[in-house]
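Structure first, commentary second.
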Amino acid sequence: MSVPMNVSVGVIQFPGTNCDLDTLDALAELGARTALLRSDETSLSGVDAVVIPGGFAHGDYLRTGAIARFSPIMDAVASFAGAGGPVVGICNGFQVLTEAGLLPGALRPNAGLSFLCQPQQLAMASVHHVLGHGLSPSDQLSIPINHFEGNYVCDRATLQRLRENGQVVMRYVANPNGSVDDIAGICNEAGNVVGLMPHPERATSELLGSTDGRKLLEALLYAAASTRQAVGHHAA
Amino acid sequence: MTAIVSDTTSIHAALGLTDAEYDRICELLEREPNHLELAMYAVMWSEHCSYKSSRRHLARLPTEAPCVLVGPGENAGVVDVGDGIAVAVRIESHNHPSAIEPYQGAATGVGGILRDIFTMGARPIALADPLRVGPLDEPRSNWIAEGIVSGISGYGNSVGVPTVAGEFVSCETYRDNPLVNVAALGIMPTERLVLGRATEVGSAAVLMGASTGRDGIGGVSVLASAGFDEADDGSTKRPSVQVGDPFEEKRLIEACLELLEAGLVSGIQDLGGAGLTCATSETASRGGTGMEVDVSVVPLRQHGMEPFEIMTSESQERMLAIVSSANVDRVLEICSRWEVSATVVGRVTGDGILRVRDGVDGAVLAEVPASTLHDDAPSYDRPMRPPADLALRRSVDPAADPTAGSSSDCAADLLAMLADPSWVYRQYDHQLFLNTVVGPGRDATLLRLRDPRNGTPTGRGLAVSVDGNHRWCDADPRRGTAMVVMEAALNLACVGADPLALVNCLNFGNPTHPDVMWQLSEAIDGMAEACDVLGVPVVGGNVSLYNETNGTNICPTPVVCLLGVHPDLVRRPIADELPPGTALMLVGPPGPAVGAESGTDASSPGPIALGGSRWAWERRDCRDGALPDLDLAGSAATARFAAAAVREGLVRCAHDVSDGGIAVAIAEMCCHGGAGVHAKVPSLGGPAPAERALFAEPPGRVLVAAEAGDVERLAHAASAAGLASRRLGSFGGSRVQIGRFAEPGFDIDVALDDTLARRRGALPQAFAQTVDGEAA
C-alpha cells in the first residue's frame, strides 16, 4: 500500500505520557509530518489526524484518563472528532477517550490484577473506521500490549450496539485481561474515533519482532489524507 | 548556635555511630557536635554512604580503560561507546527497605537509580532488576516477592523507563533479607556530561521536585547499615522506608534534562541516601567549596519538622541543582512549566564550610567543614578470616553425601529446575523507546543504540546482562565471583556482543564478622581477576552490607551488570526456531568438561566437582563441596568465539551453560525453539555419573545450535581459537532426550510438551498456591 504524502499527525503529550516519542518516530518513519502537541495547548495546529499515545497521563492518579480529560487540548480534540477528524487513542489514549466520552465503556484493571507487557494475537473485527483501510475482517495481527487497565467493560445495550454497528475494531485471539467479548479496540459510530489497547507503534520493525502495527498506522495516514480532501484543510 | 545537646554521647549510638567515631568528630570540630551536626555525620559516615568497611578492598578493582569517561565515585559510571555517544551505568541495592515494605522498597530503588543516571546528563533508557527472594512456598517470602515485582512494575512502567533485564532467584538464604538490586542505563551526547559539583562561589543551590517529609529519616544509617534481629519484624523500621511517586519523577526527569540541554546548571546532584546533607556536602566537597543552606525555606510535607529531620530526610524525587545567579529565573521558569517545584535553598560559598541556617541570615544551626563529611569518613581494615570448616566443607562430594537421598530421577531433577521468568518480566514494560531487539528472559538483552541527539539508529547495539550466583560464591567467593563475571561475558556473547564495562553490587552480611569480610575481600579479588582477563573496567558499584537476620548472614552475593556493545545489529542471533536436524554443539575451554569428539571417555578425567551446583543445593540439599576448575583465559576465549559465531551467522542461536548444568541449558533451548532433542553429553566421572554429567556446572561452556552443514566449520573455528568442541546431537521430534556418550539410552527422556508446561507453570503456580492457601 502506498503511503499518502504530506499528511500531518499531532501526537498529544500530557504530563506523564511516555509513548509520545515512540509514536512520533513510528509515524515519521511512515512519511507523516508529525507534531508534538502539549496538553495545555488549546489548538491542534491544523493537523490532519490526532493520536493520543500510551503512558500514564497525570500519573494515572484518581483513575486512568480521569484528570487528562480536563486538559485544555481535549476541547479541541472533541471538536475535531465532531467534525469527522481521525482520532486514535492507544492504550492510555483509549482510556482518556472513554473518560472524555468520545468512546463508550470503560477500562478496568486486568482480570489477573497484574500488568501485562507481551505480544498479542489480534483478529480484526471491522474495517469501517480510520484504522481499517487495506485490512480485512479476517486479518490477524501480532501487536504487543502493555497495560494494567485493559479490561474493557460496557453495559449490555452498549455491547449490542457496538456489535450491530460494526464498532468492534479488533478482538484478542486469546483474551489476556478479561475484556468483555474479547474486545481489544472499538470505534465510535462514525468510525473516525478509535481506541485500542495494543501498541501499533511497537510493531513497526522486523528488528523489534513485528511489522503488523505499520498496517494500522498506514491506514490512519490514508484516512487522514481522505478526510482532509473531503472536508478541506482544518483551520490552524 | 543552638545549645549543645548534653546527651549527644548516648544519641550518637542511637544514630549508628561508634564511640570512636564520635570522638573523631569531636576532634575534627575541636568541640562536641550538636544534635543536627551529629545527625549529619551519622548519615554521611554510615556504611551505606562511606563504604568504610569496603573502601580499601574496592581499590583493588581495575577501573581504567580507554572507554572510561567517568569511573567509580560519581553518581554513575560513564563510558564512551563511539559515534559521540556516552552511556551512563549504575547499580544499587534496596535490600532492607524491600524486606520491610516490598512494594515501596523496590519502587524507590528504581526512582533512586534513575536520578543517578539523569544527574550525569543522560536520559535513562533501560532498567535491569536482579532479584533474590526466599522460598516461594512460604507465604511471607511469596508476599515479599510479589510486592517487589509489583513495586518495580508500578514505578518503572509509570515513570516511563523500560525494565529490559533481570534475574529472579529464590533461595532460603534470602528468606528474611531479600536482595533487590537495580541497574540503569542512560545515553547522552558525550559533550553533555555533567558532574555533581559546585565550583562557582555565589551560585544558587536550587532544590527541585517533591517536598520534604519525615519519610526515610535515617534510611542509610538505621536501615541500610544494620541487620535485622528477632525482636524486630521490621515494623519499627517502617518509617525509615521512603514512599515513591513515579509521576513526580517523570516530570523531574524531563525538567532536569531540559535544564542540562539548555546549559543552565553547572552541577546537579540527586537527593538519595542521607538527603540534603549528602547532596549539599558532596557538591561542595567535590567542587572544593562550601555551602550555606537555609532550612526555613525548604518546602515541607509536614508541620513542625526539626532541622535534623529536614537535613537527613530521604524523601524521594528531589534534586539539587547548582545554578549561576544569572540563570536562576530561567531555571525556575522551566521547572514551573514541567510542574516541578523549585526553591533556592542555599548558595555556594568559598570557605569550605557546610553551614545550616534558620533563615537567610538567621541562626546558624550547624557548621562543619564539608569535606569532613566525606574525606574524613572512617575507613576500617576489619579483621577477616576464612571460615574454620572451609577445607572440610570443600572436601565433600555432594553426589556422595551419605545423608542425601539415594539415586534420583534425573528427569524429575531437570523439570524441577526449569522456570520461565516471563511471569516476572511481562509485568514490566520492556519495550518502551522501541529499542528492545532481544528482550528479557534470554541470555542477555540487546538494545538498539540510537543517537541521543536525533534518535537516528547507529546500526549498533547495546547489550546488558545482570548476573549473580550465591551458590558458587558460598562455595568459593573468589572463584565463584570470577565465574559470575565470566558468565555475564558469555551471556553477552550469546547475543553477539563484546563486553565493555562493568558495575557491581556487592551484597554481603555483617562486616564485623571476619568470615564475611574474608568473603568480601575474596570476591573483589575474583572479580578483579576476571575483569583483567576480559579487559573490562569496573566503572561503578554499590556495597550492601549487614544483610543478616538474627546473626545469620546471607550467602555472599556479588551481582554484576555487564555492559556490552554489538557492532552490527543486522548480524544478531538468527532465530529461536530449531528446524528438525539442527545440530547441537558444545564449545568450551579444552579439558574434560567438553571432551574430545571421538573416543569413549575411557580416559575418565576424575570427577568434575559438584559443589555450588544448583543440583547439589536444591535436589540434594547439600551446600558443601568444591567448585569445578575455572579456566579464565579459556572462558574468555569461548565468549569471543561465541560472539563471533553469532555475528557471522554460523549459528542459529547460542546459550551458555550455567546453573542447572548442561541438561537445564539444553532443555531451555528446546523450550525457546519449540523442538525436541536427542543428545549425548560428556561424562564428567565420579560417583552419580548421570547426575554429574547432566547437572554439574563447570564454567566457560556454551551450547550452539547450527545447521548440520556448518558443524565442521564451527569445529575448525573453535579449534583455531584453542577451544574444544563437540557435537552432542540434533534437535527435532517431540521428546527431550539427553544421555551420556558411551552409555546406551538416555538418562532423561521427557515429552517436550511436558517440559514446556512445567517450565511455563512453575512461577504462576508458585504464586497462585499461596493465594489459594490464604483464601482457604
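Miscellaneous remarks
- Residues satisfying the stated conditions in region B:243-268, i.e. within 14 Å of chain A (Cβ to nearest Cβ), at pLDDT 90 or above and touching a helix residue (DSSP H, G or I) at 6+ places or on another chain (Cβ under 7 Å): B:PRO246, B:PHE247, B:GLU249, B:LYS250, B:ILE253, B:ALA255, B:LEU257, B:GLU258
- Failed criterion for B:ARG140 (all others in (1) free of Cβ contacts under 8 Å to residues at least 60 places away in the same chain; (2) touching a helix residue (DSSP H, G or I) at 6+ places or on another chain (Cβ under 6 Å) hold): (2)
- Strands (runs of 3 or more DSSP E) wholly inside region A:137-236 that include at least 2 residues being within 14 Å of another protein chain (Cβ to nearest Cβ) and not small (Gly, Ala, Ser): A:140-147
- Looking across B:GLY564, B:GLY612, B:GLY540, B:GLY606, one residue alone is modelled with pLDDT of 95 or more and touching a Gly at 6+ places or on another chain (Cβ under 6 Å). It is B:GLY540.
- Any hit, region B:463-478, residues being over 30 Å from B:ARG56 (Cβ atoms), within 29 Å of the chain's Cα centre (by Cα) and outside any loop (DSSP other than H, G, I, E, B): yes
- Given (1) surrounded by 20 or more Cβ atoms within 10 Å (Cβ to Cβ); (2) over 14 Å from the mean Cα position of the chain (by Cα); (3) within 16 Å of A:GLY178 (Cβ to Cβ); (4) not aromatic (Phe, Trp, Tyr), number of the condition A:ALA125 does not satisfy: (3)
- Among the residues making up region B:337-361, a single one is of a type in the set (A, V, I, L, M) and within 14 Å of another protein chain (Cβ to nearest Cβ): B:VAL340.
- Scan of region B:545-594 for residues that are closer than 30 Å to B:VAL516 by Cβ, assigned to a strand (DSSP E or B) and of a type in the set (A, V, I, L, M, F, W, C), ordered by number: B:VAL559, B:VAL560, B:CYS561, B:LEU562, B:LEU563
- Checking A:CYS117 against (1) buried (at least 24 other Cβ atoms within 10 Å of the Cβ); (2) part of a strand (DSSP E or B); (3) in contact with a Ser or Thr (Cβ under 6 Å, 6 or more places away or on another chain); (4) not aliphatic (A, V, I, L, M), the condition it does not meet: (3)
- Only residues that are touching a residue at least 12 places away in the same chain (Cβ under 8 Å) and over 13 Å from A:ALA100 (Cα atoms) were counted across region A:40-70, and they come to 20.
- Test: residue in region B:119-134 that is away from chain A (no Cβ under 14 Å), on the phi > 0 side of the Ramachandran plot and touching a residue at least 60 places away in the same chain (Cβ under 8 Å): yes
- Among the residues listed as B:VAL396, B:VAL345, the single one being buried (at least 18 other Cβ atoms within 10 Å of the Cβ) and either within 30 Å of B:ARG479 (Cβ to Cβ) or touching a Pro at 6+ places or on another chain (Cβ under 7 Å) (or both): B:VAL396
- Test result for B:THR481, under 24 Å from the mean Cα position of the chain (by Cα), of a type in the set (Ser, Thr, Tyr), outside any loop (DSSP other than H, G, I, E, B) and farther than 23 Å from B:LEU763 by Cβ: yes
- Number of the condition not met by B:GLY509 [criteria: (1) out of contact with any Gly (no Cβ under 6 Å at 6 or more places or on another chain); (2) part of a strand (DSSP E or B)]: (2)
- Any hit, region A:77-86, residues being within 23 Å of A:ARG202 (Cβ to Cβ) and either part of a strand (DSSP E or B) or within 14 Å of chain B (Cβ to nearest Cβ) (or both): no
- Hits in region B:143-182 (condition: farther than 22 Å from B:TRP472 by Cα and away from chain A (no Cβ under 14 Å)): B:TRP143, B:ILE144
- For region B:496-521, the set of residues classified as closer than 19 Å to B:ALA644 by Cα, crowded, with 24+ Cβ neighbours inside 10 Å and touching a helix residue (DSSP H, G or I) at 6+ places or on another chain (Cβ under 7 Å) consists of B:GLY496, B:ALA497, B:PRO499, listed by residue number.
- The set of residues from region A:79-114 being farther than 18 Å from A:MET197 by Cβ and either crowded, with 17+ Cβ neighbours inside 10 Å or under 14 Å from the mean Cα position of the chain (by Cα) (or both) comprises A:PHE80, A:ALA81, A:GLY85, A:PRO86.
- Residue ranges of helices (runs of 4 or more DSSP H) in region B:10-68 with at least 2 members surrounded by fewer than 21 Cβ atoms within 10 Å (Cβ to Cβ) and not basic (Lys, Arg): B:19-29
- Unmet criterion (only one of (1) surrounded by fewer than 22 Cβ atoms within 10 Å (Cβ to Cβ); (2) at pLDDT below 80) for B:SER240: (1)
- Residues of region B:432-461 that are within 10 Å of chain A (Cβ to nearest Cβ), small (Gly, Ala, Ser) and within 18 Å of B:ASN491 (Cβ to Cβ): B:GLY439, B:GLY461.
- Qualifying residue in region B:163-181 (condition: in contact with a strand residue (DSSP E or B) (Cβ under 8 Å, 6 or more places away or on another chain), polar (S, T, N, Q), surrounded by fewer than 24 Cβ atoms within 10 Å (Cβ to Cβ) and not in a helix (DSSP H, G or I)): yes
- Cβ separations smaller than 9 Å between residues 6+ apart or across chains give the following pairs from region B:269-295 residues that are closer than 17 Å to B:SER46 by Cβ and touching a residue at least 24 places away in the same chain (Cβ under 8 Å) to residues that are of a type in the set (Lys, Arg) and surrounded by fewer than 24 Cβ atoms within 10 Å (Cβ to Cβ): B:GLU282/B:ARG197; B:SER285/B:ARG197.
- B:ALA198 passes every criterion in (1) surrounded by fewer than 24 Cβ atoms within 10 Å (Cβ to Cβ); (2) under 23 Å from B:ALA76 (Cβ atoms) apart from (1).
- Here the condition is being closer than 19 Å to B:ARG382 by Cβ and basic (Lys, Arg); of B:ARG31, B:ARG24, it holds for B:ARG24 alone.
- A single entry from B:ASP361, B:ASP376 fulfils the requirement of being of a type in the set (Asp, Glu), out of contact with any Gly (no Cβ under 7 Å at 6 or more places or on another chain) and surrounded by 15 or more Cβ atoms within 10 Å (Cβ to Cβ): B:ASP376.
The values are calculated or read from the model by the stated rules, or taken from the named source; none is laboratory data. Only a predicted model underlies this, so the values are computations on that prediction, with no experimental measurement involved. Glycine gets a Cβ as well: all are built from the backbone with ideal geometry, and neighbour counts include every protein chain shown.
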